[in-house]
1. Applying the Karplus parametrisation 6.51 cos²θ - 1.76 cosθ + 1.60 with θ = phi - 60° to the phi angles of segment 226-231, what ³J(HN,Hα) value in whole Hz is obtained for each residue in order, glycine and proline being reported as x?
2. Rounded to the nearest percent, how much of the accessible area of segment 3-153 (1.4 Å probe, protein heavy atoms only) is carbon and sulfur?
3. Rank by packing, highest mean first: peptides 193-199, 69-75, 231-237, with packing defined as the count of other Cβ atoms within 10 Å averaged across residues.
4. Stokes-Einstein D for segment 172-225 at 25 °C, 0.890 mPa s, Kirkwood Rh over Cα pairs, in µm²/s?
5. Considering only protein heavy atoms, what is the solvent-accessible area of Trp143 at a probe of 1.4 Å, reported in Å² to the nearest 10?
6. Which value, in Å³ per residue, describes the convex hull spanned by the Cα atoms of segment 1-151?
7. Amide H of Ser42 versus every other amide H placed in the peptide plane: which residues, excluding those fewer than 5 positions away on the same chain, fall under 5 Å?
8. So how exposed is Phe27, as accessible area in Å² (1.4 Å probe, rounded to 10)?
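The values are calculated or read from the model by the stated rules, or taken from the named source; none is laboratory data. For clarity, every value in this text was computed on a predicted model and none was experimentally measured. Please note: Cβ atoms are built from the backbone with ideal geometry, for glycine as well, and neighbour counts cover all protein chains shown. These accessible areas exclude ligands, DNA and RNA; they are computed on the full protein's heavy atoms, side chains included. Shrake-Rupley method; radii C 1.70, N 1.55, O 1.52, S 1.80 Å.
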Amino acid sequence: MNTDRHPRSRGWLDQGTAVILDNVARFDDDAFDQASGLPGWSRRHLVAHLAANAEALHRLTRWAATGEPTPMYSSTEQRENDIEQGARLLPPLIRDWLHDAVTLLDAGMDALSPAMWGNPVSTAQGRTVAATEIPWMRTREVWIHAVDLNVGVGFEDFPADLVTELLADVTAVRSARGKGREVELRSADGGSWHIAGAGPMVIVSGDPADLARWVTGRGVRGLASGDSAFPELGPWL
Ligand code: ZN
């Protein structure tokens, strides 16, 4: 995939992780019980998922370091079960779990040599990617879930170059799947991104942050559609 973004991913990741940790540090028990932006998930579920995902990506750093396959999750059931169990923990324990998992993932990434970063690992969807994708995979998780935490973080708070990278990545993933309408996304500053799919093509235009919100399935705000409605995008990851 795109190795150009690798040197920048770690910076985006560290910034996004700080946003998550700062907000979770402020949650009291009531705040933990509030709904997240994801259907059926409280913030407890979401923070448990963020902790479990950091552990899962740490396993990929071990895989890259040793060459011995250590998948992110042993099964979808195990992944979901860990989130359910984790969400039932006392809030201070959920918070500690997140801190420990973030520290573990950081250490795992710091331990990789330049050669190890080029080693292949498997994503949870079964795609083979270079280990350089690990910080990018985590970057997407921390920033988009920072929005899902319902703490007032929006796509307009993302670093501008991260929004551009996200638009390129998500439109490429959706194009490869090719299950929806053909869409051209156009930003007021002249950027454009294409999603391959069934015609006729729809042009969706707006600010990059609003386009990123829509294309990641987080709703329509501030956008214009060339059609009478916005095309259904379906799941992304
Ligand atoms: Zn996630």
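1. In residue order, the calculated couplings are x, 10, 5, 9, 8, x Hz.
2. On the way: 3560 of 6860 Å².
Carbon and sulfur: 52 percent of the exposed surface of segment 3-153.
3. On the way: 193-199: 16.6, 69-75: 14.4, 231-237: 12.9.
Final packing ranking: 193-199, 69-75, 231-237.
4. The Stokes-Einstein estimate is 221 µm²/s.
5. Looks like 10 Å² after rounding.
6. Numbers: hull volume 15.5 nm³, N = 151.
Roughly 102 Å³ of hull volume per residue.
7. Ser36
8. Phe27 has an accessible surface of roughly 20 Å² with all protein chains in place.
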